[in-house]
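Here the structure is laid out as C-alpha coordinates; the discussion comes afterwards.
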Amino acid sequence: MKIVVLTGAGISAESGVPTFRDADGLWEGHRVEDVASPDAFDLQPSVVHRFYDARRAAIAGVAPNPAHLALARLEERLGDDLLVVTQNIDDLHERAGSTRIVHMHGELRSALCRACRTRTPWTDDLGDYPPCPRCGVSELRPDVVWFGEVPYEMDRIFEALYEADLFVAIGTSGVVYPAAAFVQFAAGGGARSVELNLVASDVSGDFDESRAGPAGQLVPAWVDEVLAGEL
Ligand code: BV8
(Lines give C-alpha, C1' and ligand atoms only; values in the text may rest on other atoms or scores of the structure.)
Protein backbone atom coordinates (compact mmCIF):
# COMPACT_ATOMS: atom_id res chain seq x y z
CA MET A 1 0.00 0.00 0.00
CA LYS A 2 1.53 3.33 -1.07
CA ILE A 3 0.93 6.06 1.55
CA VAL A 4 1.49 9.84 1.37
CA VAL A 5 1.36 11.72 4.69
CA LEU A 6 1.04 15.54 4.74
CA THR A 7 2.02 17.23 8.00
CA GLY A 8 1.53 20.78 9.26
CA ALA A 9 2.33 22.87 12.31
CA GLY A 10 -0.09 20.83 14.45
CA ILE A 11 2.26 17.79 14.48
CA SER A 12 4.98 19.90 16.15
CA ALA A 13 2.66 21.70 18.59
CA GLU A 14 3.13 19.12 21.38
CA SER A 15 6.92 19.57 20.99
CA GLY A 16 6.45 23.25 21.90
CA VAL A 17 6.69 24.73 18.38
CA PRO A 18 3.94 27.39 18.03
CA THR A 19 1.47 26.86 15.18
CA PHE A 20 0.48 29.61 12.74
CA ARG A 21 -3.04 29.77 14.05
CA ASP A 22 -1.73 30.14 17.62
CA ALA A 23 -1.35 33.77 18.71
CA ASP A 24 -3.91 34.39 15.97
CA GLY A 25 -1.19 34.00 13.35
CA LEU A 26 0.62 37.11 14.48
CA TRP A 27 4.34 37.64 15.04
CA GLU A 28 5.48 40.80 16.79
CA GLY A 29 2.18 42.24 15.72
CA HIS A 30 2.87 41.34 12.07
CA ARG A 31 0.44 39.09 10.16
CA VAL A 32 2.55 36.01 9.41
CA GLU A 33 1.71 36.34 5.74
CA ASP A 34 3.30 39.84 5.89
CA VAL A 35 6.54 38.58 7.37
CA ALA A 36 6.74 35.39 5.28
CA SER A 37 6.82 37.11 1.86
CA PRO A 38 9.54 38.26 -0.60
CA ASP A 39 8.16 41.83 -0.50
CA ALA A 40 8.55 41.95 3.29
CA PHE A 41 12.17 40.80 2.90
CA ASP A 42 12.87 43.55 0.35
CA LEU A 43 11.14 46.19 2.50
CA GLN A 44 12.28 45.16 6.01
CA PRO A 45 14.95 42.43 5.89
CA SER A 46 15.96 42.90 9.52
CA VAL A 47 12.40 42.19 10.75
CA VAL A 48 12.20 39.07 8.58
CA HIS A 49 15.67 37.88 9.71
CA ARG A 50 14.67 38.40 13.36
CA PHE A 51 11.53 36.26 12.71
CA TYR A 52 13.51 33.33 11.30
CA ASP A 53 16.63 33.67 13.48
CA ALA A 54 14.34 33.40 16.54
CA ARG A 55 12.58 30.31 15.16
CA ARG A 56 15.89 28.69 14.13
CA ALA A 57 17.28 29.22 17.64
CA ALA A 58 14.07 27.92 19.23
CA ILE A 59 14.06 24.51 17.47
CA ALA A 60 17.40 23.70 19.12
CA GLY A 61 15.47 23.56 22.39
CA VAL A 62 12.63 21.21 21.36
CA ALA A 63 12.42 17.47 20.58
CA PRO A 64 10.31 15.15 18.39
CA ASN A 65 7.07 13.90 20.00
CA PRO A 66 5.27 10.51 19.76
CA ALA A 67 3.62 11.56 16.46
CA HIS A 68 6.97 12.19 14.74
CA LEU A 69 8.39 8.97 16.23
CA ALA A 70 5.39 6.91 15.04
CA LEU A 71 5.87 8.08 11.43
CA ALA A 72 9.56 7.12 11.61
CA ARG A 73 8.48 3.68 12.88
CA LEU A 74 6.04 3.38 9.94
CA GLU A 75 8.86 4.21 7.49
CA GLU A 76 10.95 1.38 8.95
CA ARG A 77 8.23 -1.07 7.85
CA LEU A 78 6.96 0.54 4.64
CA GLY A 79 10.21 1.91 3.27
CA ASP A 80 9.68 3.45 -0.21
CA ASP A 81 5.91 2.92 0.02
CA LEU A 82 5.76 5.87 2.46
CA LEU A 83 6.44 9.54 1.68
CA VAL A 84 6.05 12.29 4.28
CA VAL A 85 5.45 15.74 2.77
CA THR A 86 5.74 18.46 5.42
CA GLN A 87 4.82 22.12 5.37
CA ASN A 88 6.94 22.52 8.50
CA ILE A 89 10.38 24.11 8.37
CA ASP A 90 11.57 22.52 11.63
CA ASP A 91 13.73 19.35 11.55
CA LEU A 92 11.73 17.25 14.02
CA HIS A 93 10.78 14.57 11.45
CA GLU A 94 14.45 13.95 10.64
CA ARG A 95 15.41 13.99 14.33
CA ALA A 96 12.72 11.33 14.91
CA GLY A 97 14.39 9.15 12.24
CA SER A 98 12.34 9.89 9.11
CA THR A 99 14.41 9.93 5.90
CA ARG A 100 11.65 9.83 3.23
CA ILE A 101 10.64 13.45 3.88
CA VAL A 102 9.98 16.39 1.55
CA HIS A 103 10.09 19.94 3.01
CA MET A 104 7.79 21.59 0.47
CA HIS A 105 8.11 24.99 2.25
CA GLY A 106 11.85 24.80 2.92
CA GLU A 107 13.88 24.45 6.12
CA LEU A 108 14.97 26.70 8.98
CA ARG A 109 18.38 24.98 9.10
CA SER A 110 19.28 26.02 5.56
CA ALA A 111 20.28 29.29 3.90
CA LEU A 112 19.57 30.27 0.28
CA CYS A 113 21.92 32.62 -1.56
CA ARG A 114 20.02 35.14 -3.69
CA ALA A 115 23.15 35.71 -5.81
CA CYS A 116 24.18 32.13 -6.75
CA ARG A 117 20.99 30.19 -5.58
CA THR A 118 23.14 27.77 -3.52
CA ARG A 119 21.33 26.16 -0.55
CA THR A 120 23.70 25.71 2.44
CA PRO A 121 22.98 23.86 5.72
CA TRP A 122 22.80 26.66 8.32
CA THR A 123 22.26 26.71 12.10
CA ASP A 124 23.33 30.26 13.06
CA ASP A 125 21.65 33.65 12.60
CA LEU A 126 21.40 35.28 9.17
CA GLY A 127 20.54 38.73 10.54
CA ASP A 128 24.25 39.70 10.64
CA TYR A 129 24.48 39.19 6.86
CA PRO A 130 27.21 36.54 6.68
CA PRO A 131 28.78 35.88 3.23
CA CYS A 132 27.62 32.94 1.09
CA PRO A 133 30.14 30.05 1.60
CA ARG A 134 30.14 29.44 -2.18
CA CYS A 135 30.14 32.88 -3.88
CA GLY A 136 31.14 35.11 -0.94
CA VAL A 137 28.32 37.61 -1.54
CA SER A 138 26.26 38.64 1.54
CA GLU A 139 22.91 37.84 -0.07
CA LEU A 140 21.78 34.95 2.12
CA ARG A 141 18.07 34.63 2.95
CA PRO A 142 16.13 32.03 4.99
CA ASP A 143 15.69 28.94 2.76
CA VAL A 144 11.93 28.90 3.18
CA VAL A 145 9.15 29.19 0.57
CA TRP A 146 7.32 32.45 1.12
CA PHE A 147 3.76 33.35 0.08
CA GLY A 148 3.76 33.94 -3.68
CA GLU A 149 6.70 31.58 -4.22
CA VAL A 150 6.60 28.09 -5.75
CA PRO A 151 6.92 25.23 -3.24
CA TYR A 152 9.84 22.78 -3.52
CA GLU A 153 9.63 19.37 -5.27
CA MET A 154 6.08 19.83 -6.59
CA ASP A 155 6.64 17.29 -9.43
CA ARG A 156 7.74 14.59 -6.98
CA ILE A 157 4.80 15.43 -4.69
CA PHE A 158 2.17 15.34 -7.47
CA GLU A 159 3.58 11.98 -8.71
CA ALA A 160 3.38 10.47 -5.23
CA LEU A 161 -0.15 11.84 -4.69
CA TYR A 162 -1.29 10.31 -7.96
CA GLU A 163 0.18 6.88 -7.12
CA ALA A 164 -1.04 6.88 -3.50
CA ASP A 165 -3.51 4.29 -2.18
CA LEU A 166 -3.90 6.22 1.08
CA PHE A 167 -3.49 9.97 1.79
CA VAL A 168 -3.29 11.17 5.40
CA ALA A 169 -3.16 14.80 6.62
CA ILE A 170 -1.88 15.46 10.17
CA GLY A 171 -2.05 18.78 12.08
CA THR A 172 -2.88 21.13 9.24
CA SER A 173 -5.68 23.73 8.98
CA GLY A 174 -6.21 23.40 5.22
CA VAL A 175 -5.84 27.15 4.71
CA VAL A 176 -2.63 27.36 2.65
CA TYR A 177 -2.42 26.16 -0.99
CA PRO A 178 -1.34 24.11 -2.84
CA ALA A 179 -1.02 21.82 0.24
CA ALA A 180 -4.71 22.23 1.14
CA ALA A 181 -5.66 20.78 -2.28
CA PHE A 182 -3.52 17.63 -2.00
CA VAL A 183 -6.47 15.59 -0.67
CA GLN A 184 -8.33 16.33 -3.90
CA PHE A 185 -5.32 15.39 -6.08
CA ALA A 186 -4.94 12.13 -4.14
CA ALA A 187 -8.66 11.36 -4.46
CA GLY A 188 -8.33 12.01 -8.19
CA GLY A 189 -5.77 9.18 -8.30
CA GLY A 190 -8.15 6.85 -6.44
CA ALA A 191 -6.66 7.17 -2.94
CA ARG A 192 -8.65 6.86 0.30
CA SER A 193 -8.06 9.80 2.69
CA VAL A 194 -7.90 10.27 6.48
CA GLU A 195 -7.52 13.53 8.44
CA LEU A 196 -5.91 13.46 11.93
CA ASN A 197 -6.32 16.91 13.50
CA LEU A 198 -7.07 18.52 16.86
CA VAL A 199 -10.30 19.95 15.38
CA ALA A 200 -11.93 19.71 11.94
CA SER A 201 -9.91 21.70 9.37
CA ASP A 202 -11.17 23.97 6.58
CA VAL A 203 -11.10 20.98 4.17
CA SER A 204 -12.36 18.17 6.44
CA GLY A 205 -15.26 17.61 4.06
CA ASP A 206 -12.83 16.48 1.36
CA PHE A 207 -11.66 13.50 3.47
CA ASP A 208 -13.22 10.01 3.62
CA GLU A 209 -12.57 9.98 7.38
CA SER A 210 -11.66 12.70 9.92
CA ARG A 211 -10.49 11.94 13.45
CA ALA A 212 -10.23 14.74 16.06
CA GLY A 213 -7.62 14.79 18.82
CA PRO A 214 -3.96 15.52 19.59
CA ALA A 215 -1.47 14.10 17.08
CA GLY A 216 0.61 12.63 19.90
CA GLN A 217 -2.25 10.19 20.53
CA LEU A 218 -3.94 9.85 17.11
CA VAL A 219 -0.81 9.17 15.04
CA PRO A 220 0.71 6.27 17.06
CA ALA A 221 -2.77 4.62 17.16
CA TRP A 222 -3.23 5.09 13.39
CA VAL A 223 0.26 3.69 12.70
CA ASP A 224 -0.53 0.62 14.82
CA GLU A 225 -3.67 0.05 12.72
CA VAL A 226 -1.70 0.32 9.46
CA LEU A 227 1.00 -2.07 10.70
CA ALA A 228 -1.67 -4.49 11.92
CA GLY A 229 -3.11 -4.42 8.39
CA GLU A 230 -6.40 -3.05 9.70
CA LEU A 231 -6.41 -0.21 7.16
C1 BV8 B 1 1.92 29.01 -4.54
C2 BV8 B 1 7.06 28.70 5.11
C3 BV8 B 1 1.94 28.76 -6.94
C4 BV8 B 1 7.43 29.96 5.81
C5 BV8 B 1 4.70 28.83 4.42
C6 BV8 B 1 -5.49 29.20 -4.05
C7 BV8 B 1 -6.48 29.76 -3.31
C8 BV8 B 1 -6.14 30.80 -2.40
C9 BV8 B 1 -4.83 31.27 -2.24
C10 BV8 B 1 -3.86 30.71 -2.97
C11 BV8 B 1 -4.18 29.70 -3.89
N12 BV8 B 1 -3.03 29.32 -4.48
C13 BV8 B 1 -2.00 30.08 -3.97
C14 BV8 B 1 -2.49 30.93 -3.06
C15 BV8 B 1 -1.69 31.88 -2.31
C16 BV8 B 1 -1.00 31.27 -1.08
C17 BV8 B 1 -2.03 30.84 -0.08
O18 BV8 B 1 -2.35 29.67 0.03
N19 BV8 B 1 -2.51 31.83 0.68
C20 BV8 B 1 -3.46 31.52 1.78
C21 BV8 B 1 -3.07 32.33 2.99
C22 BV8 B 1 -4.86 31.79 1.34
N23 BV8 B 1 -0.13 30.16 -1.42
C24 BV8 B 1 1.14 30.43 -1.84
O25 BV8 B 1 1.57 31.55 -2.02
C26 BV8 B 1 2.02 29.21 -2.11
N27 BV8 B 1 2.65 29.27 -3.41
O28 BV8 B 1 0.73 28.77 -4.51
O29 BV8 B 1 2.68 29.02 -5.70
C30 BV8 B 1 1.97 27.27 -7.19
C31 BV8 B 1 0.86 26.48 -6.88
C32 BV8 B 1 0.86 25.11 -7.21
C33 BV8 B 1 1.98 24.50 -7.75
C34 BV8 B 1 3.07 25.30 -8.04
C35 BV8 B 1 3.07 26.70 -7.75
C36 BV8 B 1 3.20 29.16 -1.10
C37 BV8 B 1 2.70 29.08 0.29
C38 BV8 B 1 3.85 28.77 1.26
C39 BV8 B 1 4.02 29.87 2.30
N40 BV8 B 1 5.00 29.45 3.32
N41 BV8 B 1 5.65 28.41 5.33
C42 BV8 B 1 7.27 29.86 7.30
O43 BV8 B 1 7.03 28.77 7.82
O44 BV8 B 1 7.44 30.91 7.93
S45 BV8 B 1 3.02 28.49 4.74
C46 BV8 B 1 2.94 28.14 6.43
O47 BV8 B 1 1.61 28.39 6.78
C48 BV8 B 1 3.19 26.70 6.81
O49 BV8 B 1 4.24 26.13 6.10
C50 BV8 B 1 1.85 26.06 6.48
O51 BV8 B 1 1.79 25.73 5.11
C52 BV8 B 1 0.89 27.18 6.76
C53 BV8 B 1 0.31 27.02 8.12
O54 BV8 B 1 -0.61 26.02 8.03
P55 BV8 B 1 -0.56 24.75 9.05
O56 BV8 B 1 0.77 24.10 8.99
O57 BV8 B 1 -1.77 23.98 8.73
O58 BV8 B 1 -0.65 25.43 10.50
P59 BV8 B 1 -1.89 26.19 11.16
O60 BV8 B 1 -1.35 26.86 12.35
O61 BV8 B 1 -2.64 26.96 10.14
O62 BV8 B 1 -2.87 25.00 11.63
C63 BV8 B 1 -2.44 24.08 12.57
C64 BV8 B 1 -3.50 22.98 12.60
O65 BV8 B 1 -3.08 21.97 13.52
C66 BV8 B 1 -4.87 23.49 13.08
O67 BV8 B 1 -5.88 22.91 12.28
C68 BV8 B 1 -4.95 22.98 14.52
O69 BV8 B 1 -6.26 22.64 14.87
C70 BV8 B 1 -4.11 21.71 14.45
N71 BV8 B 1 -3.45 21.35 15.72
C72 BV8 B 1 -2.97 22.20 16.68
N73 BV8 B 1 -2.40 21.46 17.68
C74 BV8 B 1 -2.54 20.14 17.32
C75 BV8 B 1 -3.19 20.08 16.05
N76 BV8 B 1 -3.48 18.92 15.43
C77 BV8 B 1 -3.11 17.76 16.08
N78 BV8 B 1 -2.45 17.75 17.29
C79 BV8 B 1 -2.16 18.90 17.93
N80 BV8 B 1 -1.55 18.86 19.12
For the pair Glu76/Ala54, report the inter-label distance in nm, with labels modelled 7 Å from Cα in the Cβ direction. 3.8
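Dividing the convex hull volume of the Cα atoms of the stretch 77-231 by its residue count, what figure in Å³ per residue is obtained?
Details: hull volume 20.5 nm³, N = 155.
Here the figure is 132 Å³ per residue.
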Can you tell which of Thr123, Leu112, Pro133 lies farthest toward the positive end of the dipole of the stretch 94-186, using +1 and -1 charges on the Cβ of basic and acidic side chains (Lys, Arg; Asp, Glu)? Pro133
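Probe of 1.4 angstrom, ligands and nucleic acids ignored: what's the accessible area per residue over the stretch 179-231, in square angstrom? Mind dumping the intermediate values first?
Details: 2370 Å² over 53 residues.
Using a 1.4 Å probe on heavy atoms only, each residue of the stretch 179-231 averages 45 Å².
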For the pair Tyr162/Leu227, report the inter-label distance in nm, with labels modelled 7 Å from Cα in the Cβ direction. 3.3
Any idea what % of Cα-Cα pairs in the stretch 114-195 are farther than 16 Å? 64
Could you give the length gained on full extension between Gln184 and Thr99, defined as 0.36 nm per residue of separation minus the Cα-Cα distance, in nm? 28.0 nm
Carbon and sulfur atoms account, in whole percent of the 1.4 Å probe accessible area of the chain, for 52
Return the single residue from Gln87, Gln44, Gln184 with maximal mean-square fluctuation; model: Gaussian network over the chain, springs between Cα atoms under 10 Å. Gln44
If you project the alpha carbons of the stretch 54-101 onto the principal axes, what extent comes out on each, in Å, largest first? 36, 18, 12
Okay, helix-only estimate at 222 nm for the chain: each DSSP H run of n ≥ 4 adds -39500 (n - 2.57), divide by all residues, round to 500 deg cm²/dmol; what do you get? -9000 deg cm²/dmol
From most to least accessible, 1.4 Å probe, no ligand or DNA/RNA atoms counted, Ser138, Ser173 line up as Ser138, Ser173
Which residue fluctuates the most in the chain, going by a Gaussian network model with Cα springs under 10 Å, if the choices are Thr123, Thr86, Thr19? Thr123
So for Tyr129, Tyr177, Tyr152, what's the accessible-area order with a 1.4 Å probe, most first? Tyr177, Tyr129, Tyr152
Run the 1.4 Å probe and let me know the accessible area of Phe147, rounded to the nearest 10 Å². 80
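Suppose accessible area is computed on protein heavy atoms with a 1.4 Å probe; arrange Asp39, Asp91 from highest to lowest.
Asp39, Asp91
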At a Förster distance of 30 Å, what's the computed FRET efficiency of Val62 paired with Thr120, Cβ-Cβ distance as r, to 0.05? 0.85
As a percent rounded to 5, the proportion of antiparallel DSSP bridges among beta bridges in the chain is 30
With a probe of 1.4 Å, find how much accessible area the stretch 1-149 has per residue, and write the answer as a whole number in Å². 45
With +1 on the Cβ of every Lys and Arg and -1 on the Cβ of every Asp and Glu, and nothing else charged, how large is the dipole of the chain about its Cα centre, in debye rounded to the nearest 20? 440
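Determine the gain in length on full extension of the stretch Tyr177-Ala212; use 0.36 nm per residue of separation and subtract their C-alpha separation, reporting nm with one decimal.
On the way: separation 35, 0.36 × 35 = 12.60 nm, distance 2.20 nm.
Gain in length upon complete extension: 10.4 nm.
The values are calculated or read from the model by the stated rules, or taken from the named source; none is laboratory data. A quick note: this is a predicted structure, and the numbers were derived from the prediction, not measured. Counting neighbours? That spans all protein chains shown, and the Cβs are built from the backbone with ideal geometry, glycine included. SASA here: full protein model, heavy atoms, side chains in, ligands and nucleic acids out. Shrake-Rupley method; radii C 1.70, N 1.55, O 1.52, S 1.80 Å.
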